[in-house]
Amino acid sequence: MTAQFVVVEGPNGVGKTTVARLVAARLDGVDGHPSLLTTEPTRSPLGDLLRQEEWSLHGRAFALALAADRADHVETVIIPALDAGMHVVSDRYVQSSMVLQRIDGLDLEEIWGYNQYVLQATCFYLEDRPEVIAGRLAGRRALTRLELAGNPQIELDYYRDARAFLAQPDHSWVQYSIDCSDRTPDDIASEILSLLAANTRMEG
Ligand SMILES: Nc1ncnc2c1ncn2[C@@H]1O[C@H](COP(=O)(O)OP(=O)(O)O)[C@@H](O)[C@H]1O
Ligand SMILES: Cc1cn([C@H]2C[C@H](O)[C@@H](COP(=O)(O)OP(=O)(O)O)O2)c(=O)[nH]c1=O
C-alpha cells in the first residue's frame, strides 16, 4: 500500500489512544513505509496551551484555536511525513471538533468553516456501549471540561452526524465505524489493518 493517513476517532474513553498506538505499531514498515503516531491537540506549544487552557477558553475562541493547531499540524507534521513516505496515524482529528465544539455550543457548519482546509484521511470511528464508556470515564481521576459537558451517548450521536457530513458527495471521505464491544484492542487494530488493506486494493 502507499503511505496512509489514518485517523482514529470516537468518544472520550472508547479506546482511541490505545488503538491508535497499536495501529501505528502494526503499520510500521508495511510496504516499506515507517509510521508516525501523532495526536490532536498536538504536542506543540500551542497544543499544550490548549490542553492547559480548556477551562478558560470556550466556544468559538476554543474552536478557532483548535483549528489553528490543526492547520499547523497538517502543514508542518502530516503533509511532510506523508511526502517522506511515512504512514501517519492521528489520535483525534477534525471530527473531534465536529463533536466537542458542538457540545461547546457551535453548529456543524461553523466548525467546518474553520476546518475546511484539512487534508482528507481514512477515518475509523470507534464505538462501544455508552455504559461501558461511562464506566471507564468514572475510573478517571480528573475529567476535562468537555468530558463533563457531554456524555458518551451524545458523543456517539454527534460522531454519526460528523460521519454523515463527511460522506456527502462534496467530501466523500473514506470512513468506517468499528464496533469495539467486548473486543480486545489487538482485535480492533487487526480489523483496522484489514480494512485499510482492502481499501487500498480497491483503489489500486
Ligand atoms: N477494547 C478495550 N477493551 C477494554 N479496555 C480498553 C479497550 N480499549 C481501551 N481500553 C481501556 O480504556 C481506557 C481508555 O482508553 P483510551 O485509549 O485512553 O481511550 P480514549 O483515548 O478514547 O480516551 C484505558 O484504561 C484503556 O486501557
Ligand atoms: C482535538 C480536540 C480536542 N479537544 C479537547 C478534548 C479534551 O478535553 C482535550 C484534550 O484531548 P484529549 O484527547 O483528552 O488529549 P490528552 O489525552 O492528550 O490530554 O481537548 C476538543 O475539544 N476538540 C478537538 O478538536
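Here region 6-203 is treated with +1 on each Lys and Arg Cβ and -1 on each Asp and Glu Cβ, and its dipole about the Cα centre works out to around 400 debye. Give the percent of DSSP beta bridges with both residues in the chain that are antiparallel, rounded to the nearest 5. Percent antiparallel among DSSP bridges in the chain is about 0. Within the shell defined by Cβ-Cβ distances under 13 Å, the residues around residue 190 carry a net charge of -1, with Lys and Arg each +1 and Asp and Glu each -1.
Could I get the Rg over Rh figure for region 6-203? Both from C-alpha atoms, Rh via Kirkwood, rounded to two places. Could you put the intermediate results ahead of the total?
On the way: Rg = 16.1 Å, Rh = 17.2 Å.
A ratio of 0.94.
Database remark: amide H of residue 178 closer than 5 angstrom to the amide H of 125, 126, 127 (H placed geometrically; neighbours at sequence offset of 5 or more, or on other chains; Pro and chain starts carry no H). Distance from the alpha carbon centroid of region 36-69 to that of region 85-126 works out to 13 angstrom. Across region 104-204, the fraction of Cα-Cα pairs farther apart than 22 Å, rounded to a whole number, is 44%.
Since every read-out is calculated from the coordinates, none of them should be taken as a lab result. Since the model is a prediction, treat every value here as computed from it, not as a measurement. When we count neighbours, we look across all protein chains shown, and the Cβ atoms used for this are built from the backbone with ideal geometry, even at glycine.
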